[in-house]
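Read through the structure below, which is laid out as structure tokens, and then see the notes.
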Amino acid sequence: MCPDPAGDSRVDQRHHGRCDGSGYPRGLSGETIPLAARIFSIVDVWDALSSDRPYRGAWPREKVRQHLAQEAGAHFEPGVVEAFLRLEASLAAEGADEIAPTTGAHLGTNGR
């Protein structure tokens, strides 16, 4: 398992929780999902969508941003999405080409 900065090793088990409670494995919602897992879920989706995959090409940056914003309140906690998008925009303004690797070394569990 991947421990979070607070020492909670449940991040990789709980980052599939959804803000609205429809996630798995426990159907946790909102703040019952550890903060590190709520953050990791956004990073995981950013990486998955902005990286080339064998079955599809990477989405453009703006399309990924729009997807995250649309999922705020359902999949993701709105405040965490807002903070992530502000950080991403700041990095982009500084000239960073990407905030996640596109080399095939993806974040996640199960050896991915």
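Every number here is computed from the coordinates shown, using simple stated rules; none is lab data. What you see is a predicted model; the values in this text were computed from it and never measured. Note: ideal-geometry Cβ built from the backbone for every residue, glycine included; neighbour counts use all protein chains shown.
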Listed by chain and number, the residues whose amide H is under 5 Å from that of F76, excluding neighbours fewer than 5 places away on the same chain and using placed H, are C19
Spin-label point model (7 Å from Cα, Cβ direction): what's the A92 to Q66 distance in nm?
1.2
Using a Förster distance of 22 Å, the FRET efficiency for Y55-S22 (Cβ separation, nearest 0.05)
0.35
